[in-house]
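Some notes on the structure that comes next.
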Amino acid sequence: MSGVKKVVKKATKKVLVKLKKSLHNPIIEPRLYPWESKATFNPAAFLANGRVHLIYRAIGQDDSSVLGYAGSADGYHIDERPPYAIFRRANHFSRTDFSISPIDYISGGGWNGGCEDPRVTLLGDTVYMLYTAFDGWGSLRIALTSIKLDDFEKKKWNWKNPVFISPPNEIHKNWVLFPEKIDGKFAILHSFSPKILIDCFDSLDELDGTKFIKSNNTRPVDNSRTWDSWFRGVGPSPIKTELGWLVIYQAMDHRNPDRYRIGALVLDLNNPKQILYRSESPILEPEEYYENNGYKWGVVYSCGAVVKNDTLFVYYGGADKVVGVATIKLAELLEDLKKHKAVKLKKQATRI
């Protein structure tokens, strides 16, 4: 056997693409102001004139959810954070009104209603915000409001009067507005599982509080998936990339339903009801103390993301108490997603 070289193949460990969490996390924590003394989490985000704007959910002494503002020049460090809430929703309910049946809903640890988990889209000169409106008892609906970017940047909080866009007596969450018109129309993605549902409008004024979007919020278990077999919801508003619409989402393994993870997928630019690519493994998991030491352990939940200097910044709530940020080069994430083509379904129409 002399002179014969034995070739031994080394096992190569598969490299999983994950977001890098900032060493400065958490970047937003509760302060002593009465409106945000208990929790600050689940922020929306958008980029305007090179600056990152965050609108985060806050809970204070009265256990109701309001929205606060934080700004950042570099995306990592908060350099502006007013001592007041920028948006509130009055709760019109009475727990002594037994004509209204309570809904089975625990909000951020069982709070007292208000405006929850905003999603923000900058489209043209207007900042649009969708949020979950909970009355603390029997109603959980999606509401829509907006503000001019110029007013927003000047901190003139002239929000348009909110309107409900989901029907009464139903439970809906996690709706997002695309940051560009599709086929010349505003497009709202309002369901992802069991199938993608998108409604389009010539003008969002059509949603005047009397016309509602009919959705499907069943979210059944998908046994063909592993870590994300139980889809929980779309996170931030979609981000346009060269590969398609990048969607960040949160999901669970139905065999381990207490642990939220975050993944990414890509929708076709022209037909966003079609999934092109989907991450094989989670890109963000609850591993740090601030993601497991709060009101809900094991939870990372994102409502906002931006691309700044070719880097994807994902802002997320940790344990329903604080805000963290995690990043990755956008090109790196897209390159990895290209390796994981989605299962092809029957061909759909090219228009929504």
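Structure data summary
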quantity: Boolean, I106 is at pLDDT 60 or above, under 20 Å from the mean Cα position of the chain (by Cα), open to solvent by 50 Å² or more (accessible area, probe 1.4 Å) and more than 24 Å from T327 (Cβ to Cβ); calculated: yes
quantity: Residue match in region 280-293 (condition: within 21 Å of T132 (Cβ to Cβ) and hydroxyl-bearing (S, T, Y)); calculated: no
quantity: Number of the condition not met by V266 [criteria: (1) among the β-branched types (V, I, T); (2) at pLDDT 95 or above; (3) more than 20 Å from L330 (Cα to Cα)]; calculated: (3)
quantity: Unique residue being aliphatic (A, V, I, L, M), at pLDDT below 95 and exposed (fewer than 14 other Cβ atoms within 10 Å of the Cβ) when the list is A90, A133; calculated: A90
quantity: Residue within region 150-171 that is buried (at least 19 other Cβ atoms within 10 Å of the Cβ) and under 20 Å from R51 (Cα atoms) present; calculated: yes
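This table checks each residue for (1) crowded, with 21+ Cβ neighbours inside 10 Å; (2) assigned to a strand (DSSP E or B).
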residue	(1), (2)
V15	no, no
L32	no, no
L47	no, yes
Y56	yes, yes
G68	yes, yes
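Conditions (1) in a strand (DSSP E or B); (2) within 25 Å of I198 (Cβ to Cβ); (3) open to solvent by 10 Å² or more (accessible area, probe 1.4 Å); (4) among the charged types (D, E, K, R), marked per residue:
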{"position": "D258", "(1), (2), (3), (4)": "yes, no, yes, yes"}
{"position": "Y277", "(1), (2), (3), (4)": "yes, yes, yes, no"}
{"position": "S281", "(1), (2), (3), (4)": "no, no, yes, no"}
{"position": "G298", "(1), (2), (3), (4)": "no, no, no, no"}
{"position": "C303", "(1), (2), (3), (4)": "yes, yes, no, no"}
{"position": "Y316", "(1), (2), (3), (4)": "yes, yes, no, no"}
{"position": "V323", "(1), (2), (3), (4)": "yes, no, no, no"}
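The values are calculated or read from the model by the stated rules, or taken from the named source; none is laboratory data. In this text the structure is predicted, and so the values were computed from the model without any measurement. Using ideal geometry, Cβ is built from the backbone for each residue, glycine included, and neighbour counts are taken over all protein chains shown. Just the protein is used for accessible areas: all its heavy atoms, side chains included, with ligands, DNA and RNA removed. Shrake-Rupley method; radii C 1.70, N 1.55, O 1.52, S 1.80 Å.
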